[in-house]
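The values are calculated or read from the model by the stated rules, or taken from the named source; none is laboratory data. Quick caveat: nothing in here was measured; it's all calculated off a predicted structure. Cβ atoms come from the backbone with ideal geometry, glycine included; neighbour counts cover every protein chain shown.
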């Protein structure tokens, strides 16, 4: 009945694909079946792309882990009955320790595996969308020649106001056709070129990078939940899903990232509406904006841009951006005060293990030379050696994408500082045994939990924990070697 109500409430697009399940069909069975049906037609959505790595799906409601396409499933994973016959599914019952939404670098029995947690309370079509969005990043890492730029964003109010006008023009162009669409796209190009004439090269590269990398992933995710279409009818069906995703990403505090998901995917669906090839160019290293700009002529000058500012209420948009920036600055100042005054839990990884920065929607706050992240999730999985998960309102990360030389060794200097509560709020477990008193000396461990905080760590490499001033230090030595 819930699915029928969702259809009547406006989800008719998704219902073209997502039929009402039988009573006997579990959530895990249905998800795997739909996932593999969509995967079979993925090359029609993006040539050359299919799931080509093992997948581990975790269903927390049933405490069931489903392993798919793994060349050698671990002994504790048992072949499951009742699943789609086209794919072998191995399952294991039990609660997982590390349950972040996704991990593209999860390692299971020494084999890189894509991990994805399915939230049973969310519509499964949304989960399919997110899965293919994130999994497409694996394909990008292997095949895209485009370089991702992670810094340089221009967040001035004037920039954000013009960018919002560009997105409104793209939205109108997507649901238009013929001369009206051409007129809207020329306006879009005029506004963007006027805005970028005031931007440094690094900011333009950042924007092109985000629109291309995240935009293509968003495009693939949206296409995955649309019905197959040999023509171009799916383009109009994509519009309401893009609006819906924009709302959901904003609710997830992903506004800064989401604007590029939207602007990039909009340009891609507009090119699809014109039956214009673009995917091989983007995969080969051309940004989506440069691709679409070469298709449409500019044809407008500065006077028309001034007219569009009046039409879309530019001055009002700038005021909104200024107010939002002021609110954000106030929030950031309060968070930094909390971070600076709080005791820290400092986690230093073994030198041969690369630790990644926070994700998925962590916001970077500058604090002198230190990069502080709010709303942060960190997950490091190094196979049998180490598993670390941190969820925190405030943490800093020091790391490197490439190893650095330390004497004769190449190492990854990875360290996390997590803003903690007061000492009275700590509840510490070492090797699953409670520790009631504050640490006065270095104590060895293989696993550690802070029960009132979302920090957990299991290691086969040696580690020590101790108190230093007002902080707790967790130091892990080289895995496989004793101290």
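Between 229, 256, the distinction of being surrounded by fewer than 22 Cβ atoms within 10 Å (Cβ to Cβ), in a helix (DSSP H, G or I) and at pLDDT below 85 belongs to 256 only. Pairs linking a residue in segment 119-131 that is more than 21 Å from residue 42 (Cα to Cα) to a residue that is modelled with pLDDT of 80 or more and assigned to a loop (DSSP other than H, G, I, E, B), with Cβ atoms under 9 Å and 6 or more positions apart or on different chains, are 119/60; 119/61; 120/60; 120/61; 120/62; 121/61. Annotation for segment 271-290: no member residue is surrounded by fewer than 19 Cβ atoms within 10 Å (Cβ to Cβ) and at pLDDT below 85. Count of segment 66-79 residues, restricted to those that are closer than 21 Å to residue 138 by Cα and not in a loop (DSSP other than H, G, I, E, B), is 3. Filtering segment 49-79 to residues that are modelled with pLDDT under 95 and either outside the structural domain of residue 95 (by TED's automatic domain parsing) or closer than 30 Å to residue 276 by Cβ (or both) leaves 50, 51, 52. Of the listed requirements (1) at pLDDT 95 or above; (2) over 21 Å from residue 136 (Cβ atoms), residue 296 misses just one: (1).
Within the set 125, 173, the sole residue that is surrounded by 18 or more Cβ atoms within 10 Å (Cβ to Cβ) and outside the structural domain of residue 101 (by TED's automatic domain parsing) turns out to be 173. Applying the set (1) modelled with pLDDT under 90; (2) crowded, with 22+ Cβ neighbours inside 10 Å to residue 198 leaves exactly one unmet item: (2).
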